[in-house]
Amino acid sequence: MVIQCAIIFGCLALGELIVWLTGIKLPSSMIGMLLLTALLHFRVIRLEWVEGMANFLVKNLGFFFVPAAVSLMLFFDIIKAQWIPILLASALSTMLVIVVTGWVHQLMRKLMGGGSHGIFR
Amino acid sequence: MEYLDNMYFLLALTFVVYAASQILQLRTGWTILNPILVSAVVIIAFLKFTGVSIDTYNEGGRLIEFWLKPAVVALGVPLYKELSAIRKQLLPLIASELAGCVVGIISVVLVAQLLGATKDVVLSLAAKSVTTPIAMEVTRAVGGIPSLTAAVVICVGIFGGMTGFRVMKLTRIGSPIAQGLSMGTAAHAMGTSRAMDVSGKYGAFASLGLTINGIFTALLTPTILDLLGVI
């Protein structure tokens, strides 16, 4: 457990360091995620060193959002003033993003021969 | 009732309410009973009713929120497991992410303008699909209200998580990769957590979607807003 935490927090700390050094406008956690993927891929660390903790965290991702969702009550006033455009535009646009991303991906795969016969296999 | 301010009590309450919400959704199978949404509504009602302040709640809340960053790092594990699948279809991935990013920004801006939102609100909505730190940073850069963006990002995450799979069923988006990708692209880590409920493969592509869309949104939002004449 301690080793697993060391790896995950190590990647996060490296992400923080990269943000601090470069001033790059990306979240440290996203950089840490890519670092962890890279370390696993280049076999610097082994999957079993980190898998248990990672599965635990990933499975409970939704729970970690609860306090942020509770904090929404702080913003009721800002949202209330223009709630119709804010909620309708966000909802409509979110559904559009889902549909467009999915369709373009399926279309591209079909165009490229798709599945196991694609040029990327 | 000073006891209600006790941090451990409020933490326990959060665990219990979330566990109950999960069971409630499992039993009913109703999409609207999203555990994050139900928990937030119950806890907000509790705070309003008892008069416990949000600052007091957040003393414990911070400890839960603390795990958000390590949990995002941990998404590197499912991502690693799907690396070979990702490399085989780099082009479809990039193309669909680009389309999703651009459509997401343009559509939210146009609809909000059409419905009469003021300029600062429109600017705050542009980056609504991506994870909070990126979205707030983009809003700051284009001159919107970052805290409004933070609120909208959470709403989008809840909404995307709730409706995503239903929307994809109606629009015949059936491949696991496209489904996972769409969830992460449209609803960041909250959509990813919903995709992870289905399987690790869905979750891996959702993590990819949230990452690539995060980067595209950070890079493209100012230019798109400029082209739309909003800034």
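The values are calculated or read from the model by the stated rules, or taken from the named source; none is laboratory data. The structure displayed is predicted, hence computed values, not measured ones. No Cβ is skipped: glycine too gets one built from the backbone with ideal geometry, and neighbour counts run over all protein chains shown. Ligands, DNA and RNA are stripped out before the accessible areas are found, and what is left, the full protein with its side chains, is counted by its heavy atoms. Shrake-Rupley method; radii C 1.70, N 1.55, O 1.52, S 1.80 Å.
Within the range B:85-97, at least one residue is modelled with pLDDT under 95 and basic (Lys, Arg).
Can you confirm whether the range A:33-43 contains a residue that is over 28 Å from B:GLY76 (Cβ atoms), within 7 Å of another protein chain (Cβ to nearest Cβ), buried (at least 23 other Cβ atoms within 10 Å of the Cβ) and within 20 Å of the chain's Cα centre (by Cα)? Break it down stepwise before answering.
Here is the first cut: in the range A:33-43, the ones over 28 Å from B:GLY76 (Cβ atoms) are none.
The answer is no; no qualifying residue exists.
For the range B:118-134, a tally of residues being in contact with a Ser or Thr (Cβ under 9 Å, 6 or more places away or on another chain) and at pLDDT 95 or above returns 8. In the range A:46-60, the qualifying residues are those that are within 10 Å of chain B (Cβ to nearest Cβ) and outside any helix (DSSP H, G or I), and the one that is surrounded by the most Cβ atoms within 10 Å (Cβ to Cβ) is A:VAL50. Say whether the condition of being assigned to a helix (DSSP H, G or I) and in contact with a Pro (Cβ under 7 Å, 6 or more places away or on another chain) is met by at least one residue in the range B:31-54. No - not one qualifying residue is present in the range B:31-54. Whenever a residue of the range B:192-214 is at the interface with chain A (Cβ under 7 Å from one of its Cβ atoms) and open to solvent by 10 Å² or more (accessible area, probe 1.4 Å), its partners that are in a helix (DSSP H, G or I) and basic (Lys, Arg), lying with C-beta atoms within less than 9 angstrom and at least six residues away or across chains, give the pairs B:SER193/A:LYS59; B:MET196/A:LYS59. Take the conditions charged (D, E, K, R), more than 7 Å from every other protein chain (Cβ to nearest Cβ), open to solvent by 60 Å² or more (accessible area, probe 1.4 Å) and more than 24 Å from B:ASP197 (Cα to Cα) and apply them to A:GLU16. Does it pass? Yes: the conditions hold for A:GLU16. Scanning the range B:221-231 for residues that are at pLDDT below 95 and either crowded, with 18+ Cβ neighbours inside 10 Å or not in a helix (DSSP H, G or I) (or both) yields B:GLY229, B:VAL230, B:ILE231.
Kindly indicate whether any position in the range B:56-72 is over 23 Å from B:GLY157 (Cα atoms), assigned to a helix (DSSP H, G or I) and of a type in the set (Asp, Glu).
Here is the first cut: in the range B:56-72, the residues over 23 Å from B:GLY157 (Cα atoms) are B:56, B:59.
Right, trim to assigned to a helix (DSSP H, G or I) and you get B:56, B:59.
Filter again for of a type in the set (Asp, Glu), leaving B:59.
Scanning the range B:56-72 turns up at least one residue that is over 23 Å from B:GLY157 (Cα atoms), assigned to a helix (DSSP H, G or I) and of a type in the set (Asp, Glu).
Quickly run through the range A:1-13 and pick out the residues that are touching a helix residue (DSSP H, G or I) at 6+ places or on another chain (Cβ under 7 Å) and either buried (at least 17 other Cβ atoms within 10 Å of the Cβ) or under 16 Å from B:VAL72 (Cβ atoms) (or both). Steps first, please.
Our first condition is that a residue be touching a helix residue (DSSP H, G or I) at 6+ places or on another chain (Cβ under 7 Å); within the range A:1-13, this holds for A:1, A:3-5, A:7-9, A:11-12.
Selection gives A:GLN4, A:CYS5, A:ILE7, A:ILE8, A:PHE9, A:CYS11, A:LEU12.
Applying the condition of being surrounded by fewer than 24 Cβ atoms within 10 Å (Cβ to Cβ) and free of Cβ contacts under 8 Å to residues at least 12 places away in the same chain to the range B:63-79 and asking which residue is farthest from the other protein chains (Cβ to nearest Cβ) yields B:PHE66. Can you find even one residue in the range B:150-167 that is in contact (Cβ under 8 Å) with a residue 60 or more places away in the chain, more than 7 Å from every other protein chain (Cβ to nearest Cβ) and outside any helix (DSSP H, G or I)? No, there is no match, as no residue in the range B:150-167 is in contact (Cβ under 8 Å) with a residue 60 or more places away in the chain, more than 7 Å from every other protein chain (Cβ to nearest Cβ) and outside any helix (DSSP H, G or I).
Looking across the range B:171-191 at every residue that is over 16 Å from A:MET95 (Cβ atoms) and open to solvent by 20 Å² or more (accessible area, probe 1.4 Å), the one that is nearest to the other protein chains (Cβ to nearest Cβ) is identified as B:SER175. Being part of a helix (DSSP H, G or I), touching a residue at least 40 places away in the same chain (Cβ under 8 Å) and out of contact with any Phe, Trp or Tyr (no Cβ under 8 Å at 6 or more places or on another chain) is the requirement here; does A:ILE79 meet it? No; evaluated as a whole, the condition is false for this residue.
Residues that are part of a helix (DSSP H, G or I) and more than 24 Å from B:PRO222 (Cβ to Cβ) within the range A:16-45 comprise A:GLU16, A:LEU17, A:GLY32, A:MET33, A:LEU35, A:LEU36, A:THR37, A:ALA38, A:LEU39, A:LEU40, A:HIS41, listed in sequence order.
Conditions tested, residue by residue: (1) within 7 Å of another protein chain (Cβ to nearest Cβ); (2) buried (at least 20 other Cβ atoms within 10 Å of the Cβ); (3) out of contact with any Leu (no Cβ under 9 Å at 6 or more places or on another chain).
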residue	(1), (2), (3)
B:PRO92	yes, yes, no
B:VAL109	no, yes, no
B:ALA112	yes, yes, no
B:VAL121	yes, yes, no
B:VAL130	no, yes, no
B:LYS169	no, no, yes
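Every condition in (1) outside any helix (DSSP H, G or I); (2) farther than 19 Å from A:VAL100 by Cβ; (3) more than 7 Å from every other protein chain (Cβ to nearest Cβ) is met by B:GLY116 except one, and the failing one is (3).
Scan the range B:129-136 and tell me whether some residue there is part of a helix (DSSP H, G or I) and over 22 Å from A:LEU72 (Cα atoms). Within the range B:129-136, not a single residue is part of a helix (DSSP H, G or I) and over 22 Å from A:LEU72 (Cα atoms).
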